Amino acid sequence: MSFFDKLKNKFSNQSDGVTSKFKDGLSKTRDNFTGRMNELFAQYRTVDEDFFEELEEILIGADVGVTTVMELVEELEHEARIQNITDTRKLAPVISEKLAAKLEKREDDTRLNVQKDGLTVFLFVGVNGVGKTTTIGKVAHSFKQEGKKVMLAAGDTFRAGAIEQLEVWGERVGVDVIKQQAGSDPAAVMYDAIQSARSRKADILLCDTAGRLQNKVNLMNELEKVKRVISKEIPDAPHEVLLVLDATTGQNALSQAKTFKQVTNISGIVLTKLDGTAKGGIVLAIRNELDVPVKLIGLGEKVEDLQPFDAEQFVYGLFKELVEA
């Protein structure tokens, strides 16, 4: 049984919300990718050098990233040779298998690191405008639905309206927000938040941070100070440092990720607004070129549309029509 046949057996008969969210949320990317690929298969019936060159252009156009595309095409050329694949359409399941392998490396753990006992602290980083505060609100909602006591820390004390925006989300999902005045020391906010979370016996503390990339040195110093304060209070915290990226910005998101990786140790990626782009290949570029797991993806505007990333669901949602055509 081929890799895609296994995915088909696993997901095609499922009617759960998760499968539907992946399918619907990836519709723009899938329609764009499937359309381009069908044109490619119609133009090239035989696997040859011209076919692979055109495939490279399609994948790069989907924001998969040049480095990742070159690796992928080289692997596909090798598989075509050893499996003696000459019909281009028979290469589609092989493409899906290779994509999934790059998205889901064996050593990866895409689950969020939630402590069994004591307070779990998540630090959210990312530039302004990527949906960081909204992501925090959605994650808070998800944990609250699981019955956990959640609190928020308004650590972005510099951006105008950032504290108020987090407070709106706190009211919306019914969780407390620890804050200080605008312009306060973010590390002091984190200290207060940890003390409050402990005294109120919270399970989860979600911490917002500033996202100013204009001066990397200042940002690095600030994030290091915040992490130092958190670690002093809870030695193994923060338990996650999640970088929030906007999928609609394509290669700019990859550039942001590389910069933040230089500034701080990132444990996972949250990719927002994936439903709003036709170039969802950025998921692959980020995963493969940064060697950081994608842990959450945004597949819509509703609070429940922020989903744990599942490489198999992603590939099935992307390739369903193409492979089953």
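Throughout, read-outs are computed from the coordinates displayed, never taken from laboratory work. Since the model is a prediction, treat every value here as computed from it, not as a measurement. No Cβ is skipped: glycine too gets one built from the backbone with ideal geometry, and neighbour counts run over all protein chains shown.
Sorted on the mean count of surrounding Cβ atoms within 10 Å across their residues, most packed first, peptides 292-302, 127-137 read 127-137, 292-302. Dividing the mean sequence gap of close Cα pairs (under 8 Å, 6+ apart) by how many residues the stretch 120-310 holds gives a relative contact order of 24 percent. Between the Cα long axis of helix 92-103 and the first principal axis of the chain there is an angle of about 20°, rounded to the nearest 10. Look at the alpha carbon pairs under 8 Å that are at least 6 residues apart: their mean separation over the length of the stretch 46-177 gives a relative contact order of 15 percent. Bridges between two residues of the chain, per DSSP, are antiparallel at a rate of about 15%. Averaged over residues, the count of other Cβ atoms within 10 Å places the peptides 203-210, 111-118, 180-187, 236-243 in the sequence 203-210, 236-243, 180-187, 111-118, highest first.
The distance linking the stretch 35-76 with the stretch 256-325 is 21 Å (Cα centroid to Cα centroid, whole angstrom). Ranked by the mean number of other Cβ atoms within 10 Å of their residues, highest first, the peptides 88-100, 37-49 come out as 88-100, 37-49. Computed from the Cβ-Cβ distance with R0 of 56 Å, the FRET efficiency linking V114 to E79 stands at 0.90.
Remark on the chain: hydrodynamic radius 20.8 angstrom, per the Kirkwood mean of 1/r across alpha carbon pairs.
The loop-placed GluC sites (Glu not before Pro) in the stretch 111-208, going by DSSP, that have at most 13 neighbouring Cβ atoms within 10 Å of their Cβ come out as E146.
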